[in-house]
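Student: I have a structure I would like to understand better, so I am pasting it below and will then ask my questions one at a time.
The values are calculated or read from the model by the stated rules, or taken from the named source; none is laboratory data. Only a predicted model underlies this, so the values are computations on that prediction, with no experimental measurement involved. Here Cβ is always computed from backbone atoms with ideal geometry, including for glycine, and neighbour counts include all displayed protein chains. All accessible areas refer to the heavy atoms of the entire protein, side chains included, with ligands and DNA or RNA removed. Shrake-Rupley method; radii C 1.70, N 1.55, O 1.52, S 1.80 Å.
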There are 2 protein chains.
Amino acid sequence: MAKAQAAKEKLLNAALSLIREKGFSAMTVDDLCARAGVTKGAFFHYFKSKDELGVAAADHWSAVTGALFARAPYHDHDDPLDRVLAYIEFRRQLLRGEIPEFTCVVGTMVQETYGQHPEIREACGASIFGHAGTLVDDIAKAMTDRGVAAGWTAESLAAHTQAVLQGAFVLAKAKNDVGVAIESVDHLRRYVELLFSAPQKKKKTKEKKR
Amino acid sequence: MAKAQAAKEKLLNAALSLIREKGFSAMTVDDLCARAGVTKGAFFHYFKSKDELGVAAADHWSAVTGALFARAPYHDHDDPLDRVLAYIEFRRQLLRGEIPEFTCVVGTMVQETYGQHPEIREACGASIFGHAGTLVDDIAKAMTDRGVAAGWTAESLAAHTQAVLQGAFVLAKAKNDVGVAIESVDHLRRYVELLFSAPQKKKKTKEKKR
DNA sequence: ACAGACGTACCAACCAGTTGGTACGTACGC
DNA sequence: GCGTACGTACCAACTGGTTGGTACGTCTGT
């Protein structure tokens, strides 16, 4: 069993990179097998169809990114607002290198599959909103801590952070330039700072970082 | 020649709806011809390749949306900041009906084509940033009017509005629900309001470093 | 021996793109 | 006013390569 599942793992990882490079529709099963270094027989041994692989790839992505963010250092701050801001800073620093290295697999995939492969759409949605959910508690705590009288919910702000990131990826692709994505994340950080500093009159906000 | 170009126009319009429904890669030329009610011969009479149609579709989208926004009522306000806020409100009100009816053709297309069809990517980029450009003057005027001492540029805020919108589309698709997109646009409006109301240390006076 | 993990060979459907045409309008010489 | 030469708009049938998927054989660990 040592080597068991080796092909499956290779296929899933190959899927993540290929979907980021060319999207789900344009990625062929042959592409995938070539990239993974396995044959088609192996592919159809583990996945009943290309669609089923799509779902599995979204779930795999959730697992991979879930682990990355779970062990990321932004959780270390004492103040919940600091944790939220540090999360945004962490996302900002992930914007490095070539575009396919930092864009979101499920964000790319859901755009092409939401109307045609409901199961893939659902898996992508679960990935995005599951990740957003990890921010809700900190946002909610920050809201009560600071007595923010909001016309918005913690859930909606958490979702908004993901919207900005997904949109930043789209713009980075459109311009073929990471810079525009970084600037959007900067606007997001500024928004969160303003949200939590504004309603308290002109009180000197907490220490500003960076 | 009343009928002349009729097929081309039908093909371009069919392309816009099909790309929004299934994406560029998954849309076949046969799909396109069936939807447009013309034959393949007509398609290849007007377009040398599917890729060339992709570029033409992006340009067509620019023209269609350009006209829509040019005649939209948000330009009527006297105050530049009001125009920007009314633009955001206008975008918010466009979020109606089924998802493929309000999402962005070029935002969808660029995600799947940016790495494989540089010309399509470029046309999509021109569409998005061309549209963002229509906001820059008003934002810049609002900045000087209100003496906003910004760590950001009018261009970057204009781009950020598009990032939020594109991201809102992605989330709407992922959740299969328009509501989450609307909430993100609300956050965007709140951000712009905060930006122009919160830290007015430097008023209309000349910049005096205190 | 046998069950799961692959590999090899293959197929039917489908795809972008081609070929060779028809229908029709226009320009022009006479 | 009329024939002809030519250009544009479009159509239907076809092609060669590709695609997702299948059938079945072989290897490996236990």
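Student: Quick one: is B:G66 in contact (Cβ under 8 Å) with a residue 40 or more places away in the chain, within 13 Å of DNA strand C (Cβ to nearest atom) and open to solvent by less than 60 Å² (accessible area, probe 1.4 Å)?
Tutor: Values: in contact (Cβ under 8 Å) with a residue 40 or more places away in the chain: yes; within 13 Å of DNA strand C (Cβ to nearest atom): no; open to solvent by less than 60 Å² (accessible area, probe 1.4 Å): yes.
Against the criterion (in contact (Cβ under 8 Å) with a residue 40 or more places away in the chain, within 13 Å of DNA strand C (Cβ to nearest atom) and open to solvent by less than 60 Å² (accessible area, probe 1.4 Å)), B:G66 does not qualify.
Student: Return yes when B:T28 is within 24 Å of B:Y114 (Cα to Cα) and touching a residue at least 40 places away in the same chain (Cβ under 8 Å) and no when it is not. Let's see the steps before the verdict.
Tutor: On the way: within 24 Å of B:Y114 (Cα to Cα): yes; touching a residue at least 40 places away in the same chain (Cβ under 8 Å): no.
Criteria not met by B:T28.
Student: Residues in the stretch A:23-42: is at least one within 22 Å of the chain's Cα centre (by Cα), within 30 Å of A:I139 (Cβ to Cβ) and not acidic (D, E)? Working first, answer last.
Tutor: Initially, the stretch A:23-42 is screened for residues within 22 Å of the chain's Cα centre (by Cα), giving A:23-27.
Applying the additional criterion that residues be within 30 Å of A:I139 (Cβ to Cβ) yields none.
Within the stretch A:23-42, not a single residue is within 22 Å of the chain's Cα centre (by Cα), within 30 Å of A:I139 (Cβ to Cβ) and not acidic (D, E).
Student: Taking helices (runs of 4 or more DSSP H) that fall entirely within the stretch B:1-70, which contain at least 1 residues that are away from DNA strand D (no atom under 13 Å from the Cβ) and within 14 Å of chain A (Cβ to nearest Cβ)? Show your work before the answer.
Tutor: Working: elements: B:6-26, B:29-36, B:40-46, B:50-70.
Helices (runs of 4 or more DSSP H) meeting the threshold: B:6-26, B:29-36, B:50-70.
Student: To continue, here is another question. Any residue that is under 18 Å from A:A132 (Cβ atoms) and open to solvent by 60 Å² or more (accessible area, probe 1.4 Å) - is there at least one of those in the stretch A:14-24? Full working, then the answer.
Tutor: Start the filter on the stretch A:14-24 by keeping residues that are under 18 Å from A:A132 (Cβ atoms), which leaves none.
No, the stretch A:14-24 has no match at all.
Student: Let me ask something else. Scan the stretch B:123-167 residue by residue and report those that are touching a residue at least 60 places away in the same chain (Cβ under 8 Å) and either facing chain A (nearest Cβ under 8 Å) or hydroxyl-bearing (S, T, Y) (or both).
Tutor: If the condition is that a residue be touching a residue at least 60 places away in the same chain (Cβ under 8 Å) and either facing chain A (nearest Cβ under 8 Å) or hydroxyl-bearing (S, T, Y) (or both), then B:C124, B:S127, B:T134, B:T161, B:L165, B:Q166 are the ones that fit.
Student: Looking at the stretch A:43-63 only, could you name the residues that are surrounded by 19 or more Cβ atoms within 10 Å (Cβ to Cβ) and either among the aliphatic types (A, V, I, L, M) or over 25 Å from the mean Cα position of the chain (by Cα) (or both)?
Tutor: A:F43, A:L53, A:V55, A:A57, A:A58
Student: Related question: Right, A:E89: more than 13 Å from the chain's Cα centre (by Cα), in a helix (DSSP H, G or I) and either closer than 13 Å to A:A14 by Cβ or within 16 Å of DNA strand C (Cβ to nearest atom) (or both) or not? Steps first, please.
Tutor: Working: more than 13 Å from the chain's Cα centre (by Cα): yes; in a helix (DSSP H, G or I): yes; either closer than 13 Å to A:A14 by Cβ or within 16 Å of DNA strand C (Cβ to nearest atom) (or both): no.
Taking the combined requirement at face value, the residue does not satisfy it.
Student: Could you check, for the stretch B:74-92, whether at least one of its residues is more than 10 Å from every other protein chain (Cβ to nearest Cβ), surrounded by 19 or more Cβ atoms within 10 Å (Cβ to Cβ) and either under 25 Å from A:K22 (Cα atoms) or within 16 Å of DNA strand D (Cβ to nearest atom) (or both)?
Tutor: No: zero hits.
Student: Within the set of pairs 6+ apart or on separate chains, which have a first residue in the stretch A:36-62 that is over 12 Å from A:E9 (Cβ atoms), a second that is more than 9 Å from DNA strand C (Cβ to nearest atom) and part of a loop (DSSP other than H, G, I, E, B), and C-beta atoms under 7 Å apart?
Tutor: Within 7 Å, the pairs are A:D51/A:H117; A:L53/A:F47; A:G54/A:F24; A:G54/A:H117.
Student: Against the condition open to solvent by 60 Å² or more (accessible area, probe 1.4 Å), modelled with pLDDT of 90 or more and in contact with a Cys (Cβ under 7 Å, 6 or more places away or on another chain), how does A:T39 come out, does it pass?
Tutor: On the way: open to solvent by 60 Å² or more (accessible area, probe 1.4 Å): yes; modelled with pLDDT of 90 or more: yes; in contact with a Cys (Cβ under 7 Å, 6 or more places away or on another chain): yes.
Considered against the rule, which asks whether it is open to solvent by 60 Å² or more (accessible area, probe 1.4 Å), modelled with pLDDT of 90 or more and in contact with a Cys (Cβ under 7 Å, 6 or more places away or on another chain), A:T39 comes out as yes.
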